[in-house]
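To start, the structure itself, in structure tokens.
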Amino acid sequence: MTTNSNRRLPSRRAFLLTAAGGVLGAGGYAGWEVFRDRDVAAPPRRAARWTFKASDDLKFGMADDGNGRLFAATGYHAGLLALDAADGRGRWHKKLGEGPWQVGPLTVADGTLYVVDAAGIIDARRADDGGLLWSTGPVGTGPTAGKPVVLGSTVCVSLSRNTDDEAPGGPGVLCGLDTAAGKVRWTAPASGIVQPLPGQDLLLARTGELTGTSPDARPVGALDPLTGAARWQAPASGDRDTIALAPDGGTVYLLDEGHRLCAYDAATGERRWRTPAMDGVITAAEDGGSVYVCTYRGDLAAYDARNGGRRWRRTVAKGFCRPAVAQSGGRLFVTSSETYGSDGLFNMGSGRGGYVLALAADNGKELWRVDRLDTCWSAPKAVGDDVIVTHTSGWWSYDARTGEPRWRLTGVSSIVDEPLVASGVLYGLSDDGVVALRI
């Protein structure tokens, strides 16, 4: 959607791509009722607006083009497919290459769908029919680090360094390609941070040569997408999720090497303020007024986005906390587990699945808490009056004001990807297809 010195755990995004995958079979377990909650009354079941059953397993990372189309990648027989967002009907399906592809996340922009393989092959295809526009590479090797980023006439692609001692892989690469023909414009060392700066036509990424140390604590810079040259640079800690952008795109918030929270002008790199903080994950409030830093220990602090003044700090969770908070209507929402071990497949019946919390944004006061025996697999997603959490048994919605469970979506296999919301519809991947729900 991100780690801390207190314990090196997966980020929220990485957690959804790895840990959630470990329980795919749980949703179909015949004795699932044994693990049902005994302390939370199950809300009414919602019927899916539509479901699409894929003939192959689907990879993580759906994309939508804003024109009524959804796109997903298949895994075992690597390919791409497009669906009608209104009714789930398949529009087209295309195979990728002749050899084995390890498909990364998708991006669609200006009628073109971009997909990257771990071997460094990049395809650009027409969103209308899947027709191939160009194919380039290999530009490098390594796991894909995130979605391709399109800035003007450049698509920026990142392949991560593989630092696994038991299975060393490619060194990774960050590069910019011409969207028209796929010609490589520039290359740079791999970066775990690849993020567009809205309104600035710049790319936020690590800068400088790799040192071979882990974590990667090189400076963060704003790159010109045409040349790859850094317009400005700033020191940053070695975690990819100690970065956040203001909603208007005008400010970059980051933790520096001393775990101080800093605010930089996105266009010029001028530092606006710096304040002592803690090693955690940064979330910028949707209203632009606050910045939050949360650790996996469950320590949460709120800072004034204008000057960095700390408004409050408190421990909001006991045990393992997913530190990417959601804010809506003056409330903060956090999902947590009693212990990190209770997130494992063999701890689902332990009675320590976790809990969902709501806090007052202005002072951190707890407003409500719902204890669950069913594991919380995702950070909360606040949509209107719904706070949606992915549990092992499916999606649950909690009333944002009271915490009362509102509805649940069952009858599908365990949801394994972070939901996508578009035009009032919730879309998500299951282990056997795509599901849509009107909210």
**Request:** Check off (1) in a loop (DSSP other than H, G, I, E, B); (2) buried (at least 22 other Cβ atoms within 10 Å of the Cβ) for Val155 and give me the number that stays unchecked.
**Result:** (1)
**Message:** Would you confirm whether or not the range 116-132 contains a residue that is exposed (fewer than 15 other Cβ atoms within 10 Å of the Cβ), modelled with pLDDT of 95 or more and in a loop (DSSP other than H, G, I, E, B)?
**Reply:** yes
**Request:** Give the residues of the range 302-322 that are surrounded by fewer than 23 Cβ atoms within 10 Å (Cβ to Cβ) and at pLDDT 95 or above, sorted by residue number.
**Result:** Asp304, Ala305, Arg306, Asn307, Gly308, Gly309, Arg310, Arg311, Trp312, Arg313
**Fill in**
Those residues of the range 226-242 which are at pLDDT 85 or above and on the phi < 0 side of the Ramachandran plot amount to Leu226, Thr227, Ala229, Ala230, Arg231, Trp232, Gln233, Ala234, Pro235, Ala236, Ser237
**Asked** Among Gly341, Gly364, Gly351, Gly411, which is the only one that is outside any strand (DSSP E or B), at pLDDT 90 or above and of a type outside the set (A, V, I, L, M, F, W, C)?
**Response** Gly364
**Count of the range 250-303 residues which are within 30 Å of Ala229 (Cβ to Cβ) and among the aromatic types (Phe, Trp, Tyr)** = 3
**Any strands (runs of 3 or more DSSP E) falling wholly within the range 245-319 and containing at least 2 residues that are in contact with a Gly (Cβ under 6 Å, 6 or more places away or on another chain) and over 24 Å from Ala222 (Cα atoms)** = 310-315
**Prompt:** Which residue out of Pro198, Pro189, Pro219 is surrounded by fewer than 20 Cβ atoms within 10 Å (Cβ to Cβ), under 20 Å from the mean Cα position of the chain (by Cα) and not acidic (Asp, Glu)?
**Reply:** Pro198
**Complete:** Per the list (1) more than 20 Å from Leu132 (Cα to Cα); (2) surrounded by 15 or more Cβ atoms within 10 Å (Cβ to Cβ); (3) more than 25 Å from the chain's Cα centre (by Cα), residue check on Ala85 breaks on (3)
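The values are calculated or read from the model by the stated rules, or taken from the named source; none is laboratory data. Keep in mind it's a predicted model, so treat the numbers as computed, not measured. With ideal geometry, Cβ positions are generated from the backbone for all residues, glycine too; neighbour counts draw on all protein chains shown.
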